[in-house]
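The values are calculated or read from the model by the stated rules, or taken from the named source; none is laboratory data. Note that this is a predicted model, so its numbers are computed, not measured. Counting neighbours? That spans all protein chains shown, and the Cβs are built from the backbone with ideal geometry, glycine included.
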Amino acid sequence: MTQSTNQSQKPLTCKTNSFGNLEIGGCDLVDLAQKYSTPLYVIDENTLRSICKDYKHAFEKYPKTKMMYASKALSNCAVTKILDDEGFGFDTVSSGEIYTVYKTGVDMSKVLFNGNNKSFDELDMAIDLGVGRISVDNFFELALLNVIAQSKDKIVDVLLRITPGIECHTHEYIQTGHLDSKFGFDLTQIDEAVDLILNEYKNIKLHGLHAHVGSQIFETSIFSDEIEILVKEIVRLDEKFGIKLDEINIGGGLGVKYVDTDCPASVYDAAQVIITKLDEMIKKYDIEPPILFLEPGRSIISPAGVTLYTIGSTKQVPHGKKYVSVDGGMADNPRPSMYQAEYFAQIANKKETNIKEKVTIAGRFCESGDVLIKELELPELEQGDILCVYNTGAYNYSMASNYNRVPKPAMVLVNNSRSDLIVRRESLDDLVSHDIIPDRLK
Ligand code: LLP
């Protein structure tokens, strides 16, 4: 479990050290900012491993559980190495994510390839590299996959991604399981897909069904509804086609606590609901326990990460807000401007005091919407102070851009008072390295 204060989950090793500075993984955050410069993503290895262990303990009672980390939350070789070491497989959604796990040396049979518009080249690569499962999203992909597999004289192992028709209370942009979603087969289309696999697409072998209802979910009952639908479908398909599907993948989605109003369930509570429902369905329909795949992303990596920024200009609007600007913003963390996401932060080089002022943390990018935190109480600030924004491990670096032609920040891994660079900061030369001036313009 991560440290859950009333404000936000923080890395387990986060504390104030004898110099009065914040430290994570035994590394003083002010030293890290000096050594690696800011903005800087920091990942606490201890927290990441401990969350992985929590997931494994929580699902021990259902031994047929397989954990697949959703790479889209944060994909790089060092993080992949740690998750592989903790026994996780990987849910990937692009050739880039597949290549990252491949280059890290992961056993590719533990990888699932997912997505609503996988290209010919991506499917081709997935088959060549021996990806364990492909979650097929639509009829077009089913036909394409069969052609590619046939040309290689291979049988590909698939799941069918279905839209379970469940609405969850999260931001509409991160809901995926509702009926009018772009992801997966509608429940009314499954039979046709199964019929095609059994009777026409000889190079495709179906193992089970896959769904994902959304992200940053707080209500665990949604997972129970999802299991009910998936198991009923498996039973129905057996009755209709005589096909024994023994895998269900319920996706990811468990939420995290960004701010005090967020109330995510613990992984233990979620596991309890999921396992109880699954056991109930297994008994009710008298079936062999299926293999249960989970694909958590955010809840695995988000609390392990923080972002450090240096405070620059401050501006008091007469009769308005006090803006405090940092050296990053919407390009390294697009979540506040995209989803009105909220974050909590503290100053790394100042002890908490009772004398606080209310400020708005603004990013450095040229958009009025580039505000990282709308309202935050902080001790009196000075230029050069280091701001530590919590819970930024997921969907920050992975969604970062070079907007305003700003290089992407570096990422360090901290543990036992040691820091290691795991993603190099982009340089200005990196930025122009893809540019080409055609000869006729020279
Ligand atoms: N499996 C599937 C099929 C997914 O589509 C996703 C996330 C996951 C697993 C992992 O879900 P998680 O455990 O991380 O909630 N960019 C958005 C989140 C988009 C999530 C998309 N799918 C954000 O920053 O909130």
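Could you list all residues from the stretch 166-206 that are modelled with pLDDT of 70 or more, surrounded by 16 or more Cβ atoms within 10 Å (Cβ to Cβ), of a type outside the set (S, T, N, Q) and within 25 Å of the chain's Cα centre (by Cα)?
Result: Ile166, Phe183, Gly184, Phe185.
Keeping to the stretch 308-336, report how many residues are buried (at least 18 other Cβ atoms within 10 Å of the Cβ) and over 18 Å from Glu382 (Cβ atoms).
9
Conditions tested, residue by residue: (1) of a type in the set (S, T, N, Q); (2) free of Cβ contacts under 8 Å to residues at least 60 places away in the same chain.
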site	(1), (2)
Tyr403	no, no
Asp420	no, no
Arg424	no, yes
Asp430	no, yes
Ser433	yes, yes
Ile437	no, yes
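Within the bounds of the stretch 303-317, is there any residue that is in contact (Cβ under 8 Å) with a residue 12 or more places away in the chain, part of a loop (DSSP other than H, G, I, E, B) and either within 14 Å of the ligand (Cβ to nearest atom) or under 29 Å from Ala73 (Cα atoms) (or both)?
Looking for residues that are in contact (Cβ under 8 Å) with a residue 12 or more places away in the chain, part of a loop (DSSP other than H, G, I, E, B) and either within 14 Å of the ligand (Cβ to nearest atom) or under 29 Å from Ala73 (Cα atoms) (or both), one finds none in the stretch 303-317, hence no.
Please specify each residue of the stretch 123-154 satisfying the condition of being touching a helix residue (DSSP H, G or I) at 6+ places or on another chain (Cβ under 9 Å) and either modelled with pLDDT under 95 or on the phi > 0 side of the Ramachandran plot (or both).
Within the stretch 123-154, Gly130 is the sole residue that qualifies.
Which number in (1) closer than 28 Å to Arg405 by Cβ; (2) in a strand (DSSP E or B) marks the one condition that Gln346 misses?
Unmet for Gln346, out of (1) closer than 28 Å to Arg405 by Cβ; (2) in a strand (DSSP E or B): (1).
In the stretch 376-403, what count of residues is obtained for those that are within 16 Å of the ligand (Cβ to nearest atom), touching a helix residue (DSSP H, G or I) at 6+ places or on another chain (Cβ under 8 Å) and part of a loop (DSSP other than H, G, I, E, B)?
So the count comes out to 6.
In the stretch 360-372, what residues are of a type in the set (A, V, I, L, M, F, W, C) and surrounded by fewer than 21 Cβ atoms within 10 Å (Cβ to Cβ)?
Scanning the stretch 360-372 gives Phe365, Cys366, Val371.
Scan the stretch 66-73 and tell me whether some residue there is assigned to a loop (DSSP other than H, G, I, E, B), in contact (Cβ under 8 Å) with a residue 24 or more places away in the chain and surrounded by 21 or more Cβ atoms within 10 Å (Cβ to Cβ).
No: zero hits.
Would you please list the contacts, defined by Cβ atoms under 6 Å and residues six or more apart or on different chains, that run from a residue in the stretch 276-296 that is within 16 Å of the ligand (Cβ to nearest atom) to a residue that is small (Gly, Ala, Ser)?
Glu295/Ala70; Glu295/Gly251; Glu295/Gly252; Pro296/Gly252
Here is a list of conditions, (1) among the charged types (D, E, K, R); (2) over 20 Å from the mean Cα position of the chain (by Cα); (3) assigned by TED's automatic domain parsing to the domain that holds Asn416, and Lys61 meets all of them except one; can you say which number that is?
(3)
Tell me yes or no: at least one residue of the stretch 235-243 is of a type in the set (A, V, I, L, M) and either within 15 Å of the ligand (Cβ to nearest atom) or closer than 14 Å to Arg161 by Cα (or both).
Checking the stretch 235-243: not a single residue is of a type in the set (A, V, I, L, M) and either within 15 Å of the ligand (Cβ to nearest atom) or closer than 14 Å to Arg161 by Cα (or both).
What are the residues in the stretch 244-260 that are within 12 Å of the ligand (Cβ to nearest atom) and not β-branched (Val, Ile, Thr), if any?
Asn249, Gly251, Gly252, Gly253, Leu254, Gly255, Tyr258
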